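Down below is the structure, laid out as structure tokens.
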Amino acid sequence: MPIFRKFGKRLFILVLAMVFSAIGVSLFIECNIGSDTLTVLLDGLHKSFGISLGLTSFLLNIIFLLYRRQLRNCRCHFNRQIG
């Protein structure tokens with residue numbers, strides 16, 4: 001049971017961080033104070049798909065998280081074949 005608590009706590013912190021990130025990106029754009037490269041991507045996706053900027057940020061973070069996990073699994077499999 002402690003494994004599930006640890007995973008649940010980490011998942012909660014991850015979701016909370018992504019929510020704060022989405023709020024920060026939305027405020028960044030609304031205040032017209034400039035943006036970084038990731039925010040430019042988010043703004044383009046937001047305008048293309050017609051969804052809120054915060055939701056765009058949240059979804060892109062989920063995609064990056066899943067891609068990272070897939071890449072890590074692929075790398076481990078590749079290392080086992082070579083070594």
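Points to keep in mind about this one:
- If you go through region 50-83 and keep only what is outside any helix (DSSP H, G or I), modelled with pLDDT of 80 or more and more than 18 Å from Phe20 (Cβ to Cβ), you end up with Gly50, Ile51.
- Note on region 1-49: residues that are small (Gly, Ala, Ser), part of a helix (DSSP H, G or I) and exposed (fewer than 11 other Cβ atoms within 10 Å of the Cβ) total 2.
The values are calculated or read from the model by the stated rules, or taken from the named source; none is laboratory data. Just so it is clear, the structure is predicted and the values come from calculations on it, not from any experiment. Because the Cβ atoms are built from the backbone with ideal geometry, glycine has one as well, and the counts that use them run over all protein chains shown.
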